[in-house]
Amino acid sequence: MALTSEPATPRFRSGAGRLCLDFMRTLRLRGSGDATEELATVQDLADWVAQLGPYPADLSIPVPPAAVLVRARELREAVHTLLTAARGDGGAATCPAAERELLNTAATAATPVPRLDETGATVYGAEDPVGAVLADIARDAVMLAASPALAQVRACSGPACAAWFLDTSRPGNRRWCSMETCGNKSKKSTWRTRHATDA
Ligand SMILES: [Zn+2]
């Protein structure tokens, strides 16, 4: 008898094209009345790092203290503030000093360290795996805000989605954070609208 088990669906959304943008999405529907916190507990934060961090799948990620969860959420909102400013007319210079300093400070912490193992693979590790990924996120945001790639950051066209992503498509006209979710929903509702009109 064959055991058929579906591959587990990753719990957190990824694929925005930049680590800092994936992290921003842990507050779903930011700015709307339906905003949902995906990092509700310290375990959620450890799980996010386990899924999206660079570490081997079998590395157990220590659950951080509660203060780190508070810091992680502050960091996330600072990323959003910086990138919102950077995408605006005044550019990254209009980012408030408090958020800029928060990100600059977070970026000074140690990031995950690559090690070449005996099989020739690169394996990442860190003394503080959660803190190291938060430092990576801060560095990613600081670098993105002042880079040409910023022009490729788009907001998803999904009406019930506030995700941002990096549009690396050649024509530069990607509209959805993901074809599997928002893109498909849109295709289906277009189909329904068209067929309703036909009927
Ligand atoms: Zn979307």
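Test Ser32 against the stated conditions and say whether it is assigned to a loop (DSSP other than H, G, I, E, B) and within 19 Å of Ala162 (Cβ to Cβ).
Against the criterion (assigned to a loop (DSSP other than H, G, I, E, B) and within 19 Å of Ala162 (Cβ to Cβ)), Ser32 qualifies.
Here's the yes/no breakdown for (1) on the phi > 0 side of the Ramachandran plot; (2) under 20 Å from the mean Cα position of the chain (by Cα); (3) surrounded by 19 or more Cβ atoms within 10 Å (Cβ to Cβ); (4) of a type in the set (D, E, K, R):
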{"residue": "Leu69", "(1), (2), (3), (4)": "no, yes, yes, no"}
{"residue": "Arg73", "(1), (2), (3), (4)": "no, yes, no, yes"}
{"residue": "Arg76", "(1), (2), (3), (4)": "no, yes, yes, yes"}
{"residue": "Val79", "(1), (2), (3), (4)": "no, yes, yes, no"}
{"residue": "Asp89", "(1), (2), (3), (4)": "no, no, no, yes"}
{"residue": "Pro96", "(1), (2), (3), (4)": "no, no, no, no"}
{"residue": "Asp136", "(1), (2), (3), (4)": "no, yes, yes, yes"}
{"residue": "Val142", "(1), (2), (3), (4)": "no, yes, yes, no"}
{"residue": "Ala149", "(1), (2), (3), (4)": "no, yes, no, no"}
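Among the residues of the range 55-68, are any out of contact with any Gly (no Cβ under 8 Å at 6 or more places or on another chain) and within 15 Å of Cys20 (Cα to Cα)? Looking through the range 55-68, none of the residues is out of contact with any Gly (no Cβ under 8 Å at 6 or more places or on another chain) and within 15 Å of Cys20 (Cα to Cα). Quick check on the range 167-187: of everything there that is of a type in the set (S, T, N, Q) and in a helix (DSSP H, G or I), which residue is nearest to the ligand (Cβ to nearest atom)? Selected residue: Thr181.
Would you say Thr122 is away from the ligand (no atom under 16 Å from the Cβ), farther than 28 Å from Arg87 by Cα, of a type in the set (S, T, N, Q) and modelled with pLDDT of 95 or more? The answer is yes for Thr122.
The criterion of being touching a residue at least 24 places away in the same chain (Cβ under 8 Å) and over 25 Å from Cys161 (Cβ atoms) does not hold for Arg76.
Within the range 146-166, residues that are more than 9 Å from the ligand (Cβ to nearest atom) sit with their Cβ atoms under 8 Å from residues that are of a type in the set (Asp, Glu), at 6+ positions apart or across chains, in these pairs: Gln152/Asp167; Val153/Asp167; Arg154/Asp167.
The values are calculated or read from the model by the stated rules, or taken from the named source; none is laboratory data. Here the structure is a predicted model, which means the values were calculated and not measured. As a convention, Cβ positions derive from the backbone with ideal geometry for all residues, glycine included, and neighbour counts pool all protein chains shown.
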